[in-house]
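One structure is given below, encoded as structure tokens.
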Amino acid sequence: MTTIEDATSALQKVLDAGSNKNVIELDWIKNVRVTIPRIIVTLSLPSFANSQRDRIVQEVRKYLLDFEDIEDVQIEIDNNLSKTESRTESNGPVLQQIEGIRHIIAVSSGKGGVGKSTIAVNLACSLAKLGLKTGLLDADIYGPNTPSMMGVTEQNPKVTEGTGNDQRLIPINKYGISLVSMGFLIEEGQPVIWRGPMLNSIIRQFLYQVEWNNLDFLVIDLPPGTGDAQISLSQSVPISGAIIVTTPQQVSLQDARRGLAMFKQLGVPLLGIVENMSVFIPPDMPRKKYEIFGKGGGKILSAENDLPLLAQIPIEIPLVDESNKGIPISISQPKKETSVEFTKLAQLIKNQFVDK
Ligand code: ADP
């Protein structure tokens, strides 16, 4: 089991670039607390070392996450000495901005199969159609579907020149979107069994070691549920807002509620609810609408939590057909009601975050 001594000794590998002394002998790290699976440390940098802060935070995390039984590292900043954090929460983890990304929108759901990836993909496409530079990070390690929804399963992303930490993954560009997916790392049809520390480090790599190029928005397709990946992500980057996807069925509300509660607990701002599969629109009778999955789920959830119901997305057959062909419906059939709803959703998000 990792002890305070082990942690302190690992931290001696983190050096001040100027003097080449380590952060322990310089007394820049205080209060190392180990409560398996978490380590909490306080970083107390003199102002002249502030420019090194992001690197030091990264290295502290890296070395501590190397311990097999450590899944979470929280770094508190001693505010008396350092006042230039990108964004920190008092006593919470340091949230480190990703270079070149203005806003991060997380798309989440309490359980799988409710259409979370479909919403993430079409939201990203609709933001791009509004002229915004948009990226899509498919962090759904259990079912990374976006490469197939975007028609890029055959492509392998390249890496920049350099070695080790200098290397960056170059996103695949499709429909005006910069795409990075866990699916690029996993062989099709293979199950993924990643333990906490490995998951943490892979997610961090996908955030920080990608050549994101000046994006207005990065949409993140999270795995369903309330596990390690969601927590790790929320504690790494400043998420501008999370969207919870649910279906109208009241039985799916329980899962959605858990997802909502998690984000609240983690201090992530919630943008609102998207109800997917609200009604079925038959292709031959588009005026008819059938509530095949019941009704009211989105409304109930939004009222309970005082959050807006951002969109109600119908079920349309072309959505499935086109998605199977690797073309999101908002690209292939922009006039369909589903696509119009996605555009409205993107516009709402644009209005909220981008100067008008
Ligand atoms: P999740 O990411 O929540 O697991 P997906 O986005 O992968 O869900 O969607 C599951 C399946 O449902 C996919 O086959 C997708 O094409 C289909 N689907 C999702 N939303 C709709 C919709 N509004 N209309 C028709 N099919 C949909």
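Quick rundown of the values:
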item	result
Qualifying residue in region 154-176 (condition: within 12 Å of the ligand (Cβ to nearest atom), open to solvent by 50 Å² or more (accessible area, probe 1.4 Å) and either over 19 Å from the mean Cα position of the chain (by Cα) or over 22 Å from Thr247 (Cα atoms) (or both))	no
Residues located in region 40-80, provided they are modelled with pLDDT under 85, within 21 Å of the chain's Cα centre (by Cα) and assigned to a helix (DSSP H, G or I)	Asp54
Every residue from region 220-231 that is within 12 Å of the ligand (Cβ to nearest atom) and part of a strand (DSSP E or B)	Asp221
Tally, over region 312-328, of residues that are under 21 Å from Val114 (Cβ atoms) and over 23 Å from the mean Cα position of the chain (by Cα)	10
Test result for Ser278, out of contact with any Phe, Trp or Tyr (no Cβ under 7 Å at 6 or more places or on another chain), of a type in the set (Ser, Thr, Tyr) and farther than 28 Å from Ile75 by Cβ	yes
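The values are calculated or read from the model by the stated rules, or taken from the named source; none is laboratory data. What you see is a predicted model, and the numbers here were worked out from it, not measured in a lab. Positions of Cβ are backbone-derived with ideal geometry, glycine not excepted, and every protein chain shown enters the neighbour counts. Heads up: the accessible areas ignore ligands, DNA and RNA and are worked out on the full protein's heavy atoms, side chains in. Shrake-Rupley method; radii C 1.70, N 1.55, O 1.52, S 1.80 Å.
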